[in-house]
Structures are given as C-alpha cells and as structure tokens.
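The values are calculated or read from the model by the stated rules, or taken from the named source; none is laboratory data. Predicted model only: the values in this text are computed from it and were never measured. Please note: Cβ atoms are built from the backbone with ideal geometry, for glycine as well, and neighbour counts cover all protein chains shown. In case anyone asks, the SASA skips ligands and DNA or RNA and just uses the protein heavy atoms, side chains included. Shrake-Rupley method; radii C 1.70, N 1.55, O 1.52, S 1.80 Å.
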Amino acid sequence: QKEVEQDPGPLSVPEGAIVSLNCTYSNSAFQYFMWYRQYSRKGPELLMYTYSSGNKEDGRFTAQVDKSSKYISLFIRDSQPSDSATYLCAMNQAGTALIFGKGTTLSVSS
Amino acid sequence: GAGVSQSPSNKVTEKGKDVELRCDPISGHTALYWYRQRLGQGLEFLIYFQGNSAPDKSGLPSDRFSAERTGESVSTLTIQRTQQEDSAVYLCASSPKRASGTDTQYFGPGTRLTVL
C-alpha cells in the first residue's frame with residue numbers, strides 16, 4: 001500500500017460546481033497536510049496548509065483533515081475555469097520529508 | 001520576495017550528452033529538494049539537501065545522476081550520458097527548515113529536459 005493515495009481523475013465539472021478532491025494515507029503519524037495546485041507547464045504552488053485534524057477555509061477553498069479515517073479533502077466552491085489544474089496533496093510528520101500524492105487533474109468548463 | 005528560480009527553463013540535448021540544471025532557492029531556506037516529473041505523472045523525489053549536505057539521495061535513479069549544493073544557496077543537478085528516458089520536467093523546491101515541524105516546500109518553475 002502506498003503511503004498516500006490520490007485518484008488521478010480526470011475530473012470534469014461545469015463552472016459554478018462544488019468540487020471535492022481527496023487523498024487517503026496510511027501513516028497515522030502524519031501531522032501536517034498541504035494542498036498544492038499545478039497549472040500546466042508550471043511548478044506546483046502551495047494552496048492550503050493544515051496542521052492536525054479540522055477544517056481550514058480560505059476564500060472559495062476549504063481543506064478538511066480527518067485523522068481518524070486518514071482522509072483529507074479539498075473543497076472548491078463556485079468553481080471557475082481558472083481552477084483547471086492538477087491538485088496534489090502532500091503530508092508529513094515533524095522532521096520528515098513531504099510525501100506527495102500523484103495529483104488529480106481538474107477541468108472546469110465555462 | 002523572489003521565489004525559487006531554475007535555469008534553463010528548457011533544454012534539448014542529444015542522447016549521450018551531459019546536462020547541468022541549476023536551482024536558486026529562496027534566500028534563507030536551508031532545505032532544498034530535486035524532483036522529476038514525467039509527462040502526466042506525479043512528483044518523483046530525487047535528492048534532499050540540508051545546507052550543503054545530502055542526507056537523502058535515495059531517489060537518484062542511477063549513478064549518472066548527481067547533485068551538489070554550495071552552502072545554503074545554489075544547487076546543480078547533473079545528468080551524465082543522458083538517455084531518452086531522462087526526458088522530463090525537473091523541479092526544484094526549497095523549504096525554510098524541516099527539523100522541528102512541517103516541510104512546506106516552495107517550487108520553482110522547473111526545467112523541461114528533452115533528450116533526442
């Protein structure tokens with residue numbers, strides 16, 4: 001079993017839809033959880049960062065961490081064509097390297 | 001402030017040639033990483049630097065790959081005798097520190113390497 005699993009998609013939604021992106025993981029010691037967004041032919045950029053369990057909201061984006069289920073989610077409300085990108089989850093425990101998911105490709109059509 | 005920069009942005013080379021890829025991390029970031037990303041694939045970890053030492057080289061795919069870092073600044077990834085399977089985007093990331101907490105990494109734009 002890989003440490004971090006992420007469905008590669010692709011996921012296609014119409015503009016305005018609510019998008020849910022998810023990752024599961026196997027290492028219960030993970031404490032720090034991140035979401036990166038990668039546009040085509042660009043490097044990944046940090047989108048959201050969460051420590052331990054709970055929710056974090058930033059504009060149209062909400063990150064959720066459920067440590068009991070080893071499951072993290074990123075929700076995008078009122079999705080826009082500019083949200084079309086690949087979304088990578090990443091996580092680690094203190095002092096160790098980030099482990100990345102393989103990324104989910106999202107396409108939002110106008 | 002300035003982000004992570006990489007050069008060149010694109011490199012086309014012939015099979016068997018050596019290439020050098022450069023990364024300038026964010027000033028003050030002690031940790032530096034190299035990744036490889038093949039078309040449509042996820043990030044493949046290559047090597048991690050803490051300062052100018054490399055405690056984790058486990059991702060380097062073969063002895064044709066090597067990397068150096070000068071102090072807490074520039075890093076160079078060298079690929080000798082390039083092969084077509086080396087064609088990929090090579091991404092560099094830097095992080096403020098890893099020792100006590102999260103390892104939030106900031107990525108450069110990548111170098112797109114094409115081996116003909």
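Within the stretch A:68-110, being open to solvent by 40 Å² or more (accessible area, probe 1.4 Å), assigned to a strand (DSSP E or B) and within 12 Å of another protein chain (Cβ to nearest Cβ) holds for A:I99, A:T105. Considering A:K2, A:K56, A:K42, the condition of being over 20 Å from B:R38 (Cα atoms), open to solvent by 80 Å² or more (accessible area, probe 1.4 Å) and among the charged types (D, E, K, R) is satisfied by A:K56 alone. Within the stretch A:11-25, the residues that satisfy the criterion of being surrounded by fewer than 20 Cβ atoms within 10 Å (Cβ to Cβ) and closer than 21 Å to B:Q41 by Cβ are A:L11, A:S12, A:N22, A:T24. When you scan the stretch B:77-86, do you find a residue that is more than 14 Å from every other protein chain (Cβ to nearest Cβ), β-branched (V, I, T) and open to solvent by less than 10 Å² (accessible area, probe 1.4 Å), even just one? Looking for residues that are more than 14 Å from every other protein chain (Cβ to nearest Cβ), β-branched (V, I, T) and open to solvent by less than 10 Å² (accessible area, probe 1.4 Å), one finds at least one in the stretch B:77-86, hence yes.
Checked against (1) over 14 Å from A:A85 (Cα atoms); (2) among the charged types (D, E, K, R); (3) not in a strand (DSSP E or B), A:K56 passes all but a single condition, namely (3). State whether the residues of the stretch B:69-80 include one that is closer than 20 Å to A:R41 by Cβ, in contact with a Phe, Trp or Tyr (Cβ under 9 Å, 6 or more places away or on another chain) and in contact (Cβ under 8 Å) with a residue 60 or more places away in the chain. No, the stretch B:69-80 contains no residue that is closer than 20 Å to A:R41 by Cβ, in contact with a Phe, Trp or Tyr (Cβ under 9 Å, 6 or more places away or on another chain) and in contact (Cβ under 8 Å) with a residue 60 or more places away in the chain.
With respect to (1) within 14 Å of another protein chain (Cβ to nearest Cβ); (2) closer than 18 Å to A:E5 by Cβ; (3) crowded, with 17+ Cβ neighbours inside 10 Å; (4) touching a residue at least 40 places away in the same chain (Cβ under 8 Å), the lone exception for A:V65 is condition (4). Residue count for the stretch B:24-47 satisfying the condition of being of a type in the set (K, R) and either touching a Cys at 6+ places or on another chain (Cβ under 6 Å) or not in a strand (DSSP E or B) (or both): 1.
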